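Input: a single structure, listed below in structure tokens.
The values are calculated or read from the model by the stated rules, or taken from the named source; none is laboratory data. Quick caveat, the model's predicted, so the values are computed rather than measured. As a convention, Cβ positions derive from the backbone with ideal geometry for all residues, glycine included, and neighbour counts pool all protein chains shown. These area figures cover heavy atoms from the full protein model, side chains too; ligands, DNA and RNA do not enter into them. Shrake-Rupley method; radii C 1.70, N 1.55, O 1.52, S 1.80 Å.
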Amino acid sequence: MISLRERGKIISHRVGATKNCITYEVRFMKIPQADLRAQYETIKNDVTQVITEVIESTQFVRGQASKRFEERFAKYCEVDYAVGVANGTDALMLALRAVGIQPGDEVITVPFTFTATAEAIHWVGAKAVFVDINPQNYTMDVSKIEEKITDHTRAIMPVHLYGHPADMDPILEVAKKYDLKVIEDAAQAHGALYKGRKVGSFGHAAAFSFYPGKNLGAYGDAGGVVTKDIKIADTVRKLGDHGSVRKYENETMGFNSRLDGIQGAVLGVKLSHLDDWTKRRREITAYYNEALQDVAGIETPGESSWANCVYHLYVVQVDSRDQVKQRLNEAGIGAAIHYPKPLHLQKCYDFMKLGAGSFPVSERAGERVLSFPNYPEMTDEMLEYVVQQVKKCV
Ligand SMILES: Cc1ncc(COP(=O)(O)O)c(C=O)c1O
């Protein structure tokens with residue numbers, strides 16, 4: 001493996017030497033927000049082998065490699081069924097359709113998320129109804145759900161943002177009281193635990209994204225729906241294959257949304273590493289939290305007592321966020337913003353007529369959040385450099 005120094009990612013200055021040791025002061029290091037190349041280096045032989053097997057088998061769409069991954073992923077999520085689809089957005093849309101959401105229905109969700117959450121609701125013909133997030137962990141403020149329920153409400157879609165589980169018990173309680181479906185948006189939370197149980201196993205269905213940069217990411221677009229309900233699983237599978245269960249027999253109008261064989265094979269290799277990678281993400285988080293806890297102007301992320309967060313992103317809140325980001329970027333650090341504008345303030349949601357001030361917690365988060373690099377292949381040396389630079393910039 002090529003060292004960081006050889007790749008030109010580190011610029012250092014010799015500051016001292018003894019007989020056995022040369023001391024360098026690191027002046028500049030290039031540390032991206034995520035480094036998929038570094039991850040690939042660790043699994044290269046295995047992925048090359050399984051990709052070759054898929055090519056030789058010619059099972060390019062669905063096929064045995066995808067089926068094996070679906071079975072293992074269902075088990076991993078502590079559910080009975082997983083259905084691979086083309087991407088996480090399709091997983092949300094197909095899950096909504098499979099639980100019976102129809103045009104005109106209302107689905108309660110959050111405005112502080114990636115647009116795909118509400119986009120999926122929109123393209124099913126339903127209306128996204130926003131509830132603000134809580135400031136502790138950026139997930140749905142469960143105390144505000146009930147006030148948004150109307151005669152048209154049919155479902156709640158919590159988002160396990162940044163890998164932190166939403167508070168599922170109160171959500172399930174409200175859902176039960178009003179006979180609503182629950183679809184978890186688990187796109188960022190593979191393997192996260194809520195009260196010791198895997199996310200994805202709480203709702204009627206849950207949607208995962210396997211976008212390359214996700215904690216469990218394919219080598220292209222991919223997604224999956226998990227559920228304990230065979231009817232939901234069968235419906236997702238059928239809808240994703242042009243409404244057919246047998247070739248050229250189309251029972252309903254459907255879509256083309258199936259897991260590619262190569263993606264299923266890659267995901268199978270990566271699933272075996274996921275828990276180790278999560279462990280490293282949590283170590284990195286612990287390191288950052290400790291090193292930054294007393295730095296004025298920075299709020300490190302909280303983890304609720306019932307949560308085991310998988311830290312898809314390590315997100316702090318910081319004063320003068322844009323300047324801090326710029327300075328870190330200049331120092332080679334891929335600090336990024338997830339997400340600068342809550343959905344209700346995005347142009348494409350203008351039709352909702354929800355102006356600034358509608359969701360204060362989301363809006364404040366949008367102005368202050370900053371994500372530091374947090375990926376399993378980061379070395380201790382890289383972490384030290386990030387912390388050193390953050391302390392300089394804040
Ligand atoms: C919270 C959330 N929901 C849904 C999606 C959609 O997933 P995909 O990009 O695979 O369509 C994403 C992807 O970034 C996401 O972060």
*Output the strands (runs of 3 or more DSSP E) that fall wholly within region 179-291 and possess 2 or more residues being modelled with pLDDT under 95, surrounded by fewer than 24 Cβ atoms within 10 Å (Cβ to Cβ) and away from the ligand (no atom under 14 Å from the Cβ), or say none.*
244-246
*Among the residues of region 75-89, how many are under 18 Å from Thr235 (Cα atoms) and either within 14 Å of the ligand (Cβ to nearest atom) or in a helix (DSSP H, G or I) (or both)?*
6
*Of Ala356, Ala307, which residue is free of Cβ contacts under 8 Å to residues at least 12 places away in the same chain and open to solvent by 10 Å² or more (accessible area, probe 1.4 Å)?*
Ala356
*asked:* Name the residue that is surrounded by the most Cβ atoms within 10 Å (Cβ to Cβ), counting only residues in region 76-101 that are closer than 21 Å to Val131 by Cβ and over 16 Å from the mean Cα position of the chain (by Cα).
replied: Ala95
*asked:* Can you list residue pairs whose Cβ atoms sit under 7 Å apart, with the first residue in region 204-230 being within 17 Å of Ile101 (Cβ to Cβ) and in contact (Cβ under 8 Å) with a residue 24 or more places away in the chain and the second being of a type outside the set (A, V, I, L, M, F, W, C) and surrounded by 24 or more Cβ atoms within 10 Å (Cβ to Cβ)? Count only pairs 6 or more apart in sequence or on different chains.
replied: His204/Thr227; Ala205/Thr227; Ala206/Glu184; Ala206/Gly200; Ala207/Gly88; Ala207/Asp185; Ala207/Gly223
*asked:* Tell me yes or no: at least one residue of region 104-115 is within 25 Å of His338 (Cα to Cα), open to solvent by 70 Å² or more (accessible area, probe 1.4 Å) and within 16 Å of the ligand (Cβ to nearest atom).
replied: yes
